[in-house]
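The values are calculated or read from the model by the stated rules, or taken from the named source; none is laboratory data. All values derive from a computational prediction rather than experimental measurement. Glycine also receives a Cβ, built like all others from the backbone with ideal geometry; neighbour counts cover every protein chain displayed.
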Amino acid sequence: MEERRDFLIQGGMIALGLAGLATPGKAEAAGNTPRWAMIIDLNRCTGCQSCVIACKAKNQTPAGLFNTRIESNEAGSLPTVRTSYRPMLCQQCKEPACAKACRRKAITTLPSGIVVVDQARCQGDGACVAACPHRACFLNPARDNRMDKCDFCLTRLAKGLLPACVEGCPSGARLFGDAKAPQGEFGAYLTRNDLAPQPGRAGRVSYVPLRKNVMEKKS
Amino acid sequence: MKKAADSGNDKKISRRALVKGGAAAAVTMAWPAKLALAGQDAAAQPEGQKGGSRLDPDARVVHSVCLGCNAHCGNRIAVKNGTLAEISGNPYHPYNSMAEPAAYQTPVAETLALPSPVCGKAQDAANYLTNPYRLIRPLKRTGPRGSGSFAPIDWEQLIREVALGGKIFAELGEERTVPGLAELNSDAPIDPRDPGLGPKRNGLVFMTGRLQNGRQEFIDRFVKDGFGSTNRIGHTDICGLGFRMGNLALTEGKEVELKADPWGAEYILVFGANIYEALQPGINTYGAAVARRSAAGKLTFAIVDPRAQNASVHAHDWIPIIPGQDGAFAMGMIRWLIEHRRYNHRYLSAPNLEAARAAGFATYNNATHLVIDDPAHPNHGRFLRLADLSLAEDEKAIATYIVLSEKEGSPVAFDRLDRAVLDRAATLRDAKGRAIRVKTAFRLLREGVMAHTIEQYAAFAGVPAEQIAGTAAEFSAHGTRAAVCQYHGAGNYASGTYAAFAVAALNAMVGSVEMKGGYLSGGGGIGTWKKGPYNLTDFPGKRKPAGVKISREKGVYEKSSEYREKKAATGSGYPSRRPWFRFTKGGLSVETLSGIDERYPYPCGALFTYFYNPVYSTPGGNRYIETLRDPARVPLHVSIDTSVNESNLYADYIVPDVTYLEGHYGWLNPHAPALRFTGLRTPAMEPLTCRTADGRPFCLETFLIDLAEKLELPGFGEGAITDRDGGRHALHRAEDFYLRGYANIAAEAQVPVATATELAFVERNYPVSRFKEILNPEQWRQTCHALARGGIFSDYQSVFEGERFLHGIKRTVLYNEELATSRNTLTGERFPGTLCYLPPMDASGAVLAEKDRAYPFTVVTHKMNVHTQSRTSCHRWAMEIFPENFVVVNEGDAARMGLRDGDRVRLRSASNPEGVEGKAKVSRLIRPGCVAISFHYGHSQLGASPLAVKDAEQVFLGGAAVAKAGGMKGDPRLGRGLNPNLLSRLDERLANTPLVDMVGGIPDFSSTRVQLVKL
């Protein structure tokens, strides 16, 4: 946590070996810049909260504040009822409403697609929080109320590790990788034609919708 | 040594070591430049992980087994600067890897970067470890039991007083002489009128809550082998005795845990198993496998449960059954299978193992075997044997069952035919021409099942008949790749033995027992602690426990003097004062406490409770407060635990224990289904409890060792352990026992010797390596190969030969003669030997749904995915997500009552008329007439309430943070919600103790009915 904060304070991308890529728009400056993406398969998500707690453990967000959460709903009528789960997090929007709302230009997008906030510029105005359609960011009291949110675990990515929520998912519901050089199961998922973004604003996260089960088809 | 260095290029991950499906990890990233930390006040950082990972050069990494719940997944713990930095899964352990782990011989350096999951409970270990309400010094009570007044005492004083007793509470004005263990250390009979009950030693009752292998063997060495008491009793009953009784009956006691194989099944019928929130293996393993394969279209499953469960997200169907009626549904299904000839006839008509194997099955069933169904015959209720016909008395004649040939219908030895008659009644004649009436086991099952129509079963179960038929059709449409996953909800109630037997029998009906994708037992361990270079099982003076357990589990009432005297006086030896349980798996904690309460069949002399909270965790457990308070019933109570809970609040002494991060050495084998491995548990952190004068941590083992040495019990202290070269070694520290156990396991498993790299890995990273000189260098080096990987593992495919499971049982039964010849000791009547529909009843035989019909709602309870049992209110992150629990009410019921989310309600039961309060939550995911209340909440201790503990700053891990003038502060947030066990039905017929099943002693979790009132 302190590593990321420090990185943001220094305002540099050096830490990720992505020198010279600090400014959005220079995405192709380094040839091997990944374009990170996450796919969440709702047919695998059991609502177990492992991702929520793995993220909490890694990022140490203050009590009651989370970088990711599970939204649950009920559908149907007895006996053809079911619950449903939708993991929610910052979508790393392609056109982030938070960046647009910030009058201090504290929010930028890395070439890899991750939306980050410069802790030196942020003064905790909160316009971003109000603007986010996904309720994904918050003002963090542990950082003098500066904005905080998911950053795809930048410091883990730098070490060659997956984001905490992705590694922490027991059923593999969260797939993650480089959309420019997709491999393995992530790569296979990327070719699906049923991927859908979170309604509201599209970003680097997409979902495989929950299939209707036999119960729902019956009712 | 830098872990990454030996993999060559530490920036790349070796492709060939990748786990299938984990390819997302194969990215190549530049390492970060060294980051200068901004000036931080480390103390201001939150507790728990402080960033960093297992790949950091200054991290210590340990592969071990998680004890966040009883699922026993592997874990991989990274520690930096003395704090937990990261917790992930163990890629070598099948439970973290969809049963296809990294190849065992893969060098550790190549697996460290591999992603591997654990669930949220494992992550919250950071908070479990640093729980400020943890005890670090031993406590003695300084007020009446339950007052919450305690003071720390010296370790030596603790040992002396527990060993020797005396007027140890004289300061409090208590003049009685408390018996120490020394007084119980005697071979004189505990009851001179009935020496068969055993010696005075049985007065030591040692109850174990969340026990594991490793510590179990250590405790047994003390209680059984050293002290000689038979009363080391576990908690299987409140855990999951119900479904185990069904399997006990199905397998004639050979195997109690079998479940559907989630990695191979096409169809799973889930009975009362909360697969996306609990179960063992847990959500990280079983739930994950079901979700993954269901998403891939390889598996469908249906849920039989009053609650739709979290798994309804992916389920094919929900059967919203009335609690306690799982047997009705299963028997309705079996009736349908019989009427439509959809049972596996080939399987059931094979009379012996060879015939069944030749037909492709892994087990055979005794469906064709003849049972003597003739009250005039001395062996009525038992299987017909050759000896009954030929009247020979040799061993072979007694061991040979009889079947009927299909051609002539004549009796033949069971091992002489490939097929036999399945469904028949007949009269045979013995060698003297006497008639014997017989029926095939299948015929008896059929008669049991046909007692009700499918419509009647549907009415009992509260579901449409079409659902019984449809489910039976689906269940029998997948060959042997269909099975049941039955767990605590289905069978943990009065009459649960027969419900569980019916559910288990479903698997036999389709022939899927011990078949890939079917109903599988676990494959056992690799290597054993019992054999090898060290003799850990025998020692001079080893005692052999005798007599009857205070719970009367596996006791034969008809051998007791109580029976004899009653019979002489009245002509009938029945009823016994409390039930005896001849036919049970055992682990009857409820009947142990009820026995202690009634001083039956003998009084308790000293109660030790380890990691156990019965007042909170037992349905109706608050009934035992009066038991625990009473020195006449419990003369001495010593608890070994990490905190003050609702039960040890009533203890005389509390011995502080370490958490699994700091201790709890052990060897952990698979739960059912499938798989074969031995996980090796060692700590990741040094103990946080205080120390003895010679530096050993306060914990279970140090306590038992010092107590044993004080009492001069055999098996502990100097020279207690011998090796195969005749050398003798002391047992003075926990590691003296466990490290030698690991050496035995590694030797027996013929594990290779660790490479220099991996030896260094263990020695640099594992706290246990401080004790390596306990073993000789060769043994240590071999053991390190296993320790480096967190155990000895194999994968899913390796335990099958084609479709057959290699390590399973050989025989299943539809009729159990041991059950059939056991009696209810309250009535003297025999139990039915095959399936029988029985609704939940109390000890007097009253049907509970009828008796309590003035209470319209039945309460069902369940675990949550972020919690386990009673001990996780300190899991801060789980409590952030779910700060409290609710009374979940069916939408229709709520509408009728004008109830909305958040409304306060009061629940009252027959046994708790005052009732408890809670908050309502309206849901479609619960059937009408039921309310669902999760467990884990409604605590009054574990930090929820203030306690008058002297020197609280010195006693609790949190020090000043939890201390105030006069004692420990309470945090009311830890006491939110309600505990449904406060409502549970007690049995007036049996001294108002918690309700149990008369066959197995199963406590009841599903028959408590309540009135629900909006406040």
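Of note:
- Helices (runs of 4 or more DSSP H) fully within the stretch B:424-476 counting 3 or more residues that are out of contact with any helix residue (DSSP H, G or I) (no Cβ under 6 Å at 6 or more places or on another chain): B:441-449, B:465-475
- Filter result for B:Ser186 (under 30 Å from B:Asp261 (Cβ atoms) and either part of a loop (DSSP other than H, G, I, E, B) or among the β-branched types (Val, Ile, Thr) (or both)): no
- Set B:Arg210, B:Arg244: member being surrounded by 21 or more Cβ atoms within 10 Å (Cβ to Cβ) and part of a helix (DSSP H, G or I): B:Arg244
- Close pairs (6 angstrom Cβ cut-off, 6 or more residues apart or separate chains): within 14 Å of another protein chain (Cβ to nearest Cβ) and without any contact (Cβ under 8 Å) to a residue 60 or more places away in the chain in the stretch A:133-147, assigned to a loop (DSSP other than H, G, I, E, B) and not small (Gly, Ala, Ser) anywhere: A:Arg146/A:Gln119; A:Arg146/A:Cys122
- Hey, B:Leu404 over 40 Å from the mean Cα position of the chain (by Cα), aliphatic (A, V, I, L, M) and closer than 23 Å to B:Ala505 by Cβ or not: yes
- Any hit, the stretch B:175-190, residues being touching a strand residue (DSSP E or B) at 6+ places or on another chain (Cβ under 6 Å), over 21 Å from B:Tyr602 (Cβ atoms) and not basic (Lys, Arg): no
- The set of residues in the stretch A:148-158 being in a loop (DSSP other than H, G, I, E, B), charged (D, E, K, R) and within 14 Å of chain B (Cβ to nearest Cβ) consists of A:Asp151 alone.
- Some residue of the stretch B:556-567 being crowded, with 20+ Cβ neighbours inside 10 Å, aromatic (Phe, Trp, Tyr) and under 25 Å from the mean Cα position of the chain (by Cα): no
- Number of the condition not met by A:Gly17 [criteria: (1) at pLDDT below 95; (2) more than 9 Å from chain B (Cβ to nearest Cβ)]: (2)
- Of all residues making up the stretch B:70-101, the number that are in a loop (DSSP other than H, G, I, E, B) and either at pLDDT below 95 or crowded, with 24+ Cβ neighbours inside 10 Å (or both): 15
- Hits in the stretch B:117-142 - residues which are within 12 Å of B:Ala651 (Cβ to Cβ) and part of a loop (DSSP other than H, G, I, E, B): B:Pro138
- Hits in the stretch B:161-183 (condition: assigned to a helix (DSSP H, G or I) and in contact with a helix residue (DSSP H, G or I) (Cβ under 7 Å, 6 or more places away or on another chain)): B:Val162, B:Ala163, B:Leu164, B:Leu181, B:Ala182
- Failed item, numbered, when B:Ala356 is tested on (1) surrounded by 19 or more Cβ atoms within 10 Å (Cβ to Cβ); (2) under 28 Å from B:Tyr837 (Cβ atoms): (2)
- Within the stretch B:635-694, the set of residues being under 24 Å from the mean Cα position of the chain (by Cα), within 24 Å of B:Ala747 (Cα to Cα) and in a loop (DSSP other than H, G, I, E, B) comprises B:Gly663, B:His664, B:Tyr665, B:Asn669, B:Pro670, B:His671, B:Leu675, B:Arg676, B:Thr682, B:Pro683.
- Per-region count, the stretch A:159-185, residues more than 8 Å from chain B (Cβ to nearest Cβ) and surrounded by 24 or more Cβ atoms within 10 Å (Cβ to Cβ): 4
- Of the candidates B:Ala720, B:Ala672, B:Ala730, B:Ala708, the single residue that is over 20 Å from B:His63 (Cα atoms) and at pLDDT below 95 is B:Ala672.
- Some residue of the stretch B:982-1000 being surrounded by 24 or more Cβ atoms within 10 Å (Cβ to Cβ) and among the charged types (D, E, K, R): yes
- In summary, A:Thr108 fulfils each of the numbered conditions (1) facing chain B (nearest Cβ under 8 Å); (2) among the hydroxyl-bearing types (Ser, Thr, Tyr); (3) surrounded by fewer than 20 Cβ atoms within 10 Å (Cβ to Cβ) with the single exception of condition (1).
- Residues that are surrounded by fewer than 19 Cβ atoms within 10 Å (Cβ to Cβ), under 15 Å from the mean Cα position of the chain (by Cα) and among the acidic types (Asp, Glu) do not occur anywhere in the stretch A:74-93.
- The residues of the stretch B:866-880 that are in contact (Cβ under 8 Å) with a residue 60 or more places away in the chain, closer than 26 Å to A:Arg82 by Cα and assigned to a helix (DSSP H, G or I), listed by number, are B:Ala878, B:Met879.
- You will find that of A:Ala188, A:Ala101, A:Ala127, A:Ala196, the residue that is within 14 Å of chain B (Cβ to nearest Cβ) and either in contact (Cβ under 8 Å) with a residue 60 or more places away in the chain or of a type in the set (A, V, I, L, M) (or both) is A:Ala188 and no other.
- Hey, B:Val79 touching a Leu at 6+ places or on another chain (Cβ under 7 Å) and at negative phi or not: no
- Residue within the stretch B:733-756 that is of a type in the set (Asp, Glu) and surrounded by fewer than 16 Cβ atoms within 10 Å (Cβ to Cβ) present: no
- Of all residues making up the stretch B:270-306, the number that are in a strand (DSSP E or B) and away from every other protein chain (no Cβ under 14 Å): 1
- Scan of the stretch A:46-72 for residues that are among the small types (Gly, Ala, Ser), in contact (Cβ under 8 Å) with a residue 60 or more places away in the chain and over 20 Å from A:His134 (Cβ atoms), ordered by number: A:Ser50, A:Ala57
- Residues of the stretch A:54-75 that turn out to be at the interface with chain B (Cβ under 7 Å from one of its Cβ atoms) and either more than 16 Å from A:Pro163 (Cβ to Cβ) or in contact with a Lys or Arg (Cβ under 8 Å, 6 or more places away or on another chain) (or both), as a count: 5
- Matching strands (runs of 3 or more DSSP E) fully within the stretch B:710-796 where at least 1 residues are within 30 Å of B:Leu204 (Cβ to Cβ) and free of Cβ contacts under 8 Å to residues at least 40 places away in the same chain: B:717-723, B:728-731
- Some residue of the stretch B:664-687 being polar (S, T, N, Q), under 30 Å from B:Gly166 (Cα atoms) and in contact with a helix residue (DSSP H, G or I) (Cβ under 6 Å, 6 or more places away or on another chain): no
- Of all residues in the stretch B:680-706, those that are closer than 30 Å to B:Phe793 by Cα have Cβ atoms under 6 Å from Cβ atoms of residues that are among the polar types (S, T, N, Q) and buried (at least 20 other Cβ atoms within 10 Å of the Cβ), 6 or more apart or on another chain, in B:Arg681/B:Ser64; B:Thr682/B:Ser64.
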